[in-house]
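Undergrad: What follows is a single structure, and I will ask about it in a moment.
The values are calculated or read from the model by the stated rules, or taken from the named source; none is laboratory data. As the structure is a prediction and not an experimental result, all values here were calculated from the model. Cβ coordinates were reconstructed from backbone atoms using ideal geometry, including for glycine residues, and neighbour counts include every protein chain displayed.
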Amino acid sequence: MEIYSFEKKVGKKITKYDSDFVMNKILHTENKTHIACMHLKAGGIVGLHEAIVPQLLLVVQGEATVTGKDNQSKQVYEGDAVFWEKGELHKTVSKHGMMAIVIEGESLNPGLYMPVDS
């Protein structure tokens, strides 16, 4: 057995797209699925950018405002999951801070869960 940490202190600071957050890589798979832990501090931002593959954001702690298609903004909290399609412009901003697991990969299928809005 091996124990790994995804605490903020062992992550990498990301500033691309005027972003301000810390990302910890967690897992890579053979089919190019990436899993990481993201730490947004109070006032942190993941700047507006295009999803290069389908992306799922799982809010573990805290809250954020997310934007996606048509620049619509929604508030998300612990236990919420946000799915962005390949090519979708999106942004995440956290007023009070947030920790989330980010899963990115061509084989992500949004039909595997029940959207909150349905």
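Undergrad: Residue check: is Ala36 out of contact with any helix residue (DSSP H, G or I) (no Cβ under 8 Å at 6 or more places or on another chain) and modelled with pLDDT of 95 or more?
TA: Numbers: out of contact with any helix residue (DSSP H, G or I) (no Cβ under 8 Å at 6 or more places or on another chain): yes; modelled with pLDDT of 95 or more: no.
Judged against the criteria, Ala36 is not a match.
Undergrad: Could you pull out the residue among Lys41, Lys69 that is over 11 Å from the mean Cα position of the chain (by Cα) and surrounded by fewer than 14 Cβ atoms within 10 Å (Cβ to Cβ)? Show your work before the answer.
TA: Values: Lys41 fails: surrounded by fewer than 14 Cβ atoms within 10 Å (Cβ to Cβ).
Result of the check over Lys41, Lys69: Lys69.
Undergrad: Would you be able to tell me the number of residues in segment 21-38 that are buried (at least 18 other Cβ atoms within 10 Å of the Cβ), among the aliphatic types (A, V, I, L, M) and touching a residue at least 24 places away in the same chain (Cβ under 8 Å)?
TA: We begin by selecting, within segment 21-38, every residue buried (at least 18 other Cβ atoms within 10 Å of the Cβ); these are 21-24, 35-38.
Now drop any that are not among the aliphatic types (A, V, I, L, M), which leaves 22-23, 35-36, 38.
Imposing the further condition that a residue be touching a residue at least 24 places away in the same chain (Cβ under 8 Å) reduces the set to 23, 35-36, 38.
Of the residues in segment 21-38, 4 are buried (at least 18 other Cβ atoms within 10 Å of the Cβ), among the aliphatic types (A, V, I, L, M) and touching a residue at least 24 places away in the same chain (Cβ under 8 Å).
Undergrad: Going by the conditions given, is Gln55 among the polar types (S, T, N, Q) and either more than 15 Å from the chain's Cα centre (by Cα) or at pLDDT 95 or above (or both)? Explain how you work it out, then say what you get.
TA: Numbers: among the polar types (S, T, N, Q): yes; either more than 15 Å from the chain's Cα centre (by Cα) or at pLDDT 95 or above (or both): no.
Criteria not met by Gln55.
Undergrad: Another question, if that's okay. Take Lys91 and tell me if it is surrounded by 15 or more Cβ atoms within 10 Å (Cβ to Cβ), at pLDDT 95 or above and not β-branched (Val, Ile, Thr).
TA: Working: surrounded by 15 or more Cβ atoms within 10 Å (Cβ to Cβ): yes; at pLDDT 95 or above: yes; not β-branched (Val, Ile, Thr): yes.
Answer is yes for this residue.
Undergrad: From the residues in segment 71-112 that are of a type in the set (Ser, Thr, Tyr) and free of Cβ contacts under 8 Å to residues at least 40 places away in the same chain, which one is nearest to Lys25 (Cα to Cα)?
TA: As a first pass, look at segment 71-112 and keep what is of a type in the set (Ser, Thr, Tyr): 73, 77, 92, 94, 107.
Subset that is free of Cβ contacts under 8 Å to residues at least 40 places away in the same chain: 73, 77.
Working: Ser73: 27, Tyr77: 22 Å.
Going through the qualifying residues, I end up with Tyr77.
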